Amino acid sequence: MRDPYSVLGVAKSASEADIKRAFRKLAKKYHPDQNADDPKAKEHFAEANQAYEILGDKEKRGQFDRGEIDAEGKPRFQAHGFGGGFDESDIFRQSRGQSSGFGGFGQGGGFDDILNDILGGLGGRARGGAGFSGAGASAGAGPGAGPRPRPTRRGNDANVTARVTLEQLVHDRKARVTLPSGKTLDVKLPDGTSDGEKIRLRGQGEPGENGGPAGDAIVEVRLARHPLFMPVDDDLRLDLPITLYEAVLGAKVRVPTLDGAVNLTVTPNAKAGKTMRLKGKGLPNRTGGRGDLLVTLRIVLPEEGDEELATLMRAWKELRPYRARGPEFD
């Protein structure tokens, strides 16, 4: 075992912070989980562990500096004087509690805390983890050791867009989507589903790594444009074209809905822009009911000019003039 100061690359006068900083740097560089195919990295990592076991513990560092223990933490048995034998009391005092095992980081070395801090999930297995026991390298960490189990990882979420028609919201209550894997699913559309809403499908995302769980599929609902209806929350809006005579005389007009056409009564002298309500003909809402269909009357004149209509309007203007705009337009 090399001199621990040389291993960590610090001077003998280095502070505790300098020693800790040097070990952090080496642990990041040589951790086996980041160097799975480099057996030398495992050796360097184990060597750094052993050096930090000595220098990261204030008591052991002092013992090493005084020559009482070697670079592996083993006691040095020295003869006292020039001709005397061993002092058995000194031997007992030096060797007691100073084995060469690597479980001594609870004395203040903080090895686990350092690895947990700088390597996250990798360092979380430092104490008793695969390939390492406590602070030092176990038999599984040295050259020739078997492969370390790779950490499991949850798969990524997959983002999918579902184009949904208003008819699907009302009748089918589901939409078919194709996931990035090519798998096709029918996604249930809850009551009250609106444009831009996201539905999470558990476990239908990207596969996990090394046996980890799959991610989720996030399905974003986008309502397809309808040629007649415009959704507003759980209501639908419809512009209903009517003729001038239907507006003046009144009429029953066929009105399309998502459930089929119905007859709408237009009362005489109906004003353009008047909105009429057909209850329960809108979209499903979160309470289990349906919104309404709001029908706005739009008076349409003949596409081509009509001389008789023009003559009638001129006479009407002379005999029965009326104001269509209030004083705020003056």
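Out of the residues in region 265-283 meeting the condition of being part of a loop (DSSP other than H, G, I, E, B) and touching a Lys or Arg at 6+ places or on another chain (Cβ under 8 Å), tell me which one is nearest to Asp172 (Cα to Cα). Working first, answer last.
In the first step, residues of region 265-283 are kept if they are part of a loop (DSSP other than H, G, I, E, B); the result is 267-274, 279-283.
Retained after the next criterion (residues that are touching a Lys or Arg at 6+ places or on another chain (Cβ under 8 Å)): 272-273, 280-283.
Values: Ala272: 35, Gly273: 33, Gly280: 17, Lys281: 16, Gly282: 15, Leu283: 12 Å.
So, considering only residues that are part of a loop (DSSP other than H, G, I, E, B) and touching a Lys or Arg at 6+ places or on another chain (Cβ under 8 Å), the one nearest to Asp172 (Cα to Cα) is Leu283.
So, in region 166-193, of the ones that are outside any strand (DSSP E or B) and among the basic types (Lys, Arg), which residue ends up modelled with the highest pLDDT? Only one residue fits best here, namely Arg173.
Applying the selection to region 234-258, what residues are over 50 Å from the mean Cα position of the chain (by Cα) and aliphatic (A, V, I, L, M)?
As a first pass, look at region 234-258 and keep what is over 50 Å from the mean Cα position of the chain (by Cα): 242-253.
Of everything in region 234-258, those that are over 50 Å from the mean Cα position of the chain (by Cα) and aliphatic (A, V, I, L, M) turn out to be Ile242, Leu244, Ala247, Val248, Leu249, Ala251, Val253.
To keep it simple, each residue is scored yes or no on (1) among the charged types (D, E, K, R); (2) within 30 Å of Arg325 (Cα to Cα).
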{"residue": "Leu228", "(1), (2)": "no, yes"}
{"residue": "Val262", "(1), (2)": "no, no"}
{"residue": "Gly280", "(1), (2)": "no, no"}
{"residue": "Arg290", "(1), (2)": "yes, no"}
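Look at Ala139 and say whether it is surrounded by 14 or more Cβ atoms within 10 Å (Cβ to Cβ), among the hydrophobic types (A, V, I, L, M, F, W, C) and either at pLDDT below 90 or touching a Pro at 6+ places or on another chain (Cβ under 9 Å) (or both). When the stated conditions are applied, Ala139 does not pass them. A count restricted to region 174-193 and to residues that are surrounded by 14 or more Cβ atoms within 10 Å (Cβ to Cβ) and not β-branched (Val, Ile, Thr) stands at 7.
Rundown of residues vs (1) part of a loop (DSSP other than H, G, I, E, B); (2) buried (at least 17 other Cβ atoms within 10 Å of the Cβ); (3) touching a Ser or Thr at 6+ places or on another chain (Cβ under 7 Å); (4) of a type outside the set (Ser, Thr, Tyr), yes/no style:
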| position | (1), (2), (3), (4) |
| --- | --- |
| Asp195 | yes, no, no, yes |
| Gln204 | yes, yes, no, yes |
| Pro213 | yes, no, no, yes |
| Arg225 | yes, no, no, yes |
| Ile242 | no, yes, no, yes |
| Tyr245 | no, no, no, no |
| Asn263 | no, no, no, yes |
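Based on what the data block shows, is Ala51 modelled with pLDDT of 85 or more and more than 44 Å from the chain's Cα centre (by Cα)? For Ala51, the condition - modelled with pLDDT of 85 or more and more than 44 Å from the chain's Cα centre (by Cα) - is not met.
The values are calculated or read from the model by the stated rules, or taken from the named source; none is laboratory data. Note that the coordinates shown come from a computational prediction; the quantities given were computed from them, not determined experimentally. Counting neighbours? That spans all protein chains shown, and the Cβs are built from the backbone with ideal geometry, glycine included.
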